[in-house]
1. Just to be sure I understand the model, the point goes 7 Å from the Cα along the line to the Cβ. What's the resulting B:Glu125 to C:Glu125 distance in nm?
2. Spelling out what I want: for every residue of the range B:258-275, take phi, set θ = phi - 60°, compute 6.51 cos²θ - 1.76 cosθ + 1.60 (Karplus), and round to whole Hz; glycine and proline get x.
3. Residue-wise, which Karplus ³J(HN,Hα) couplings in Hz belong to the range B:188-193, taking 6.51 cos²θ - 1.76 cosθ + 1.60, θ = phi - 60°, and x for glycine or proline?
4. Can you give the FRET efficiency for D:Asp268 and C:Asp62, using 1/(1 + (r/R0)^6), R0 = 56 Å, r = Cβ-Cβ distance, to the nearest 0.05?
5. Taking springs between alpha-carbon atoms closer than 10 angstrom, which of B:Tyr27, B:Tyr251, B:Tyr262 fluctuates most in the Gaussian network model of chain B?
6. Run through the DSSP bridge list for the protein assembly as shown and note the antiparallel percent, rounded to the nearest 5.
7. Once amide H atoms are built 1.01 Å from N in the peptide plane, which residues 5 or more positions from B:Leu101, or in another chain, come under 5 Å H to H?
8. Under 16 Å Cα-Cα from A:Lys65, which aspartates and glutamates qualify once same-chain neighbours fewer than 8 residues away are excluded?
Protein chains: 4
Amino acid sequence: MANQWQFDEDTSINIKSEWFIKGLLLYEVVRTYNRLPFALKKHYDRLLNSAKLIGIEDGIPDFEKLVSLVMEGIERNKVDGELRIRIVLAGKNFLLLFEKLPEMSKDIYELGVKVGISPFIRPSEAIVPGMIKLIGTPWSFLTRTHLGDCYDLLLLNERGELCEGSFTNVFLVRDEKLITPHESSGLLPGITRENVLELARAMEMEVEVRRVMSWELFIADEVFLTHTSAGIVPVRRIENKILIEEFPDGYTRILMDNFEGYVMTKEDNWKGISF
Amino acid sequence: MANQWQFDEDTSINIKSEWFIKGLLLYEVVRTYNRLPFALKKHYDRLLNSAKLIGIEDGIPDFEKLVSLVMEGIERNKVDGELRIRIVLAGKNFLLLFEKLPEMSKDIYELGVKVGISPFIRPSEAIVPGMIKLIGTPWSFLTRTHLGDCYDLLLLNERGELCEGSFTNVFLVRDEKLITPHESSGLLPGITRENVLELARAMEMEVEVRRVMSWELFIADEVFLTHTSAGIVPVRRIENKILIEEFPDGYTRILMDNFEGYVMTKEDNWKGISF
Amino acid sequence: MANQWQFDEDTSINIKSEWFIKGLLLYEVVRTYNRLPFALKKHYDRLLNSAKLIGIEDGIPDFEKLVSLVMEGIERNKVDGELRIRIVLAGKNFLLLFEKLPEMSKDIYELGVKVGISPFIRPSEAIVPGMIKLIGTPWSFLTRTHLGDCYDLLLLNERGELCEGSFTNVFLVRDEKLITPHESSGLLPGITRENVLELARAMEMEVEVRRVMSWELFIADEVFLTHTSAGIVPVRRIENKILIEEFPDGYTRILMDNFEGYVMTKEDNWKGISF
Amino acid sequence: MANQWQFDEDTSINIKSEWFIKGLLLYEVVRTYNRLPFALKKHYDRLLNSAKLIGIEDGIPDFEKLVSLVMEGIERNKVDGELRIRIVLAGKNFLLLFEKLPEMSKDIYELGVKVGISPFIRPSEAIVPGMIKLIGTPWSFLTRTHLGDCYDLLLLNERGELCEGSFTNVFLVRDEKLITPHESSGLLPGITRENVLELARAMEMEVEVRRVMSWELFIADEVFLTHTSAGIVPVRRIENKILIEEFPDGYTRILMDNFEGYVMTKEDNWKGISF
């Protein structure tokens, strides 16, 4: 298949194909910092693993090829500011979709956001293997139709354990420990989540990656979300119950203050990218 | 959106849209008998219900419009024999894909087929609402990559209950009762399954729709599968263990012999279609 | 078997019997008001049902006989104040154990008590039929060894739903509704629980008996416990998090103020007892 | 507490005590070979562990004391043949109950027995910690009331995994492997089960201790049960479906032929016993 660069209105693919019928749609979301693709190798590896599990890895180019395609795409998208890049593997079709990274309101960092509990269930790892990052799991998109005034809703698994948001990972702070749900509970282990865990360990915080019961969220000292587009997002309210009267000057603040500096200089986030 | 009739190689749609990013892909598979669409109203109602649950029902035409589109499509597809029609709702894109109905080997009806147990889990209704017929649930397509020499693999839910195959529904006969898993176990209640249940009741067979433990499959007197393309398919072997030495002359045979006559004359299968 | 009245130090039974080997131990706890046995018929019916389920109902006298035994026992136990009567069916041995009802500290009613979440799991009704009131379920007595400074610990089932305490039932008040876990979650539906539900309905409170997720406890406006010995016990703290700054003047208080008057005059609590 | 030796009809204990109210009843069943107590140290250790978990280990004598009590008890019970000894810890009461070991019919070894699937659920290790060997779990004794013409009924856990019988452990042979359920499925790991596993490994059989789905039982080449009183018991029929036409001359026979010789000479089964 030849490479094609297209404008939005022309971005079409043939759908009379097996991959479409079967719904074999894998994806990754990458952002840029200083217009360089962040943690591209990590996203690539994860996509490759998912593709291998369902036998469609043939459609993926090698990493060097991907880097040059991504760099060319960034060059072609002459928007001001940073980009968000969706990498989609639809059967044998490999797609890169570029768009401007939405700018986050400063309020979410300064005031914190509201979250709730999703009415839908996220199956645990024991039921649905979590490592396959599929487009369109029903629990995620059904949750997204119920956000209301919440930034995200957190999903519990069939045992009542805390898993993740519909597009975020979640962390708690309690008794001076940083706590996040274990992958066995059922979650997509985000690249930002990994970077936060590494940063916390580098700063010698006590870290627990374990099964977290839903109710532990409600007795946490601090709660925050992570996702690629926004980094670390502090939580202020849970389910209409005020959690934090003033903006936390605890672990969340320390991690936020150090996050960008840490990820920008951490070598494995820039593997294969020349500056 | 204007209607467009396209040949296979041109069947493309724009993918830089929210529906694609979110994986909002619903589908139904309809077959024809005598080149008339079978149980179209039932499929339409099911699609409409799924679409309402995820808030994308706007993309669906009204039923009269669908009938005329389908009839026109059948007319345009001048293949010999019957057609299989995929109805896809991809976000706001409503697609009808026509292809020749694969002809089934007579052997599957005369010799019966082999089935196994899928290594993947089908979440029960309590975990994932079953009524949404999504393209590409991971348990279905992962199962399909493991078929080996089996016609289909049967999925169990997280409680070890029998649910369905990756593209079939399943029935047992035991102690002169016709048994099929209850929807609460987690399954797509196929139109063929419904017709078989109605036929069995019309023939005054004793019918049980209930939770079926996986092991009941192994002590059944007869087992058969149902799906739109092939109707009723008798099972001969399960997991390399011979189940039925000679072709059953039990309930399966009686249902097979009467199935086509029953569904062809049953009015609600032909609602909205003029002969 | 002849009736025997014995002092504590002589209350022995033969243990070289099948019931003991098998652990067939059912029990009920009855209290007196004004030295009359409260809701004796309800306890009797529940015991009889449990006994029938495990096939040991032969050891139970008829209700009239039980009433006369209980009344005689109360007469013989000339302690000051109210009595607590344990009815035990140990295989074919039917035992009545009388003791003084412990007096509750006024503080628990005025200040409220502290509760926590048990580290042990209460299987739901789907796993262990709840209607059999066995002595010595492991989740109850293991929980009781972990009480610490809590009045009781609340047990969750395998799905993370709120069930009951190790010796109490639990109620929430939220958004002006009285909420208590449904029996399907796994709980012994106490006689006091039933009386509170009836009282609330009689007072035209909105009542929900349904699956309650554990975290709902932490966003409730009011929480209280019920058990035979103490009636209604308000909760002030949950898991070291202050819930209620001042003693509730909400639903809990209204129910407490009206409880004794209600149960004392409700006929079905005194069935078979002559005043 | 002084030791007391009593005849059956006098074997009584005081029941007006906390242990009885709470149902704190632990037990072990030991058998003799050549009138010497078999694997007494293993049973002792298991009882001690259970007792520690629920805080009643004070009632247990040290092992040397137990050995001398058991040896004295065997001496006093002058029955012909072997003995079965129940060790019961009822709160702080430590009891040894001696009785003649029931003689097994030779038929069960030569013809094999029938088993079925219990209608009751055995909670997995995740729900109820398995290491506490309680008298009177409801799933066991409810199962025992449903035996019918089966030697034992096998219990499945809440995930449909095979656990154990109501008084036996279960093994499968398939594809030249010896398979038995893992303790995480929920089972009491019997001393006989352990000895069979050790024997099989000593004989260089391939052994799998893992989660076993219920239906694997129905496609096994051989199935057998183990328990203290009878050792290894071959299974001939499952749920009215004939499994094995003639008595197995496979792994089961080899293990049966070698079992007694193996356990009689294995040192750790005779720890603390002088010959």
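1. With each label placed 7 Å out from Cα toward Cβ, I get 1.6 nm.
2. Once θ is set to phi - 60°, the couplings for the range B:258-275 become 9, 4, 5, x, 5, 5, 5, 9, 7, 4, 5, 7, 10, 4, x, 9, 9, 8 Hz.
3. Values, residue by residue: 8, x, x, 5, 5, 4 Hz.
4. The computed FRET efficiency comes out at 0.55.
5. With Cα springs under 10 Å in chain B, the top fluctuation among B:Tyr27, B:Tyr251, B:Tyr262 is at B:Tyr262.
6. 75
7. Long-range HN contacts for B:Leu101: B:Glu82, B:Leu83, B:Arg84.
8. A:Asp45, A:Glu57, A:Glu75
Bear in mind that the values in this text are calculations on the coordinates, not laboratory data. If you're wondering where the values come from, they're calculated on a predicted model, not measured in any experiment. As a convention, Cβ positions derive from the backbone with ideal geometry for all residues, glycine included, and neighbour counts pool all protein chains shown.
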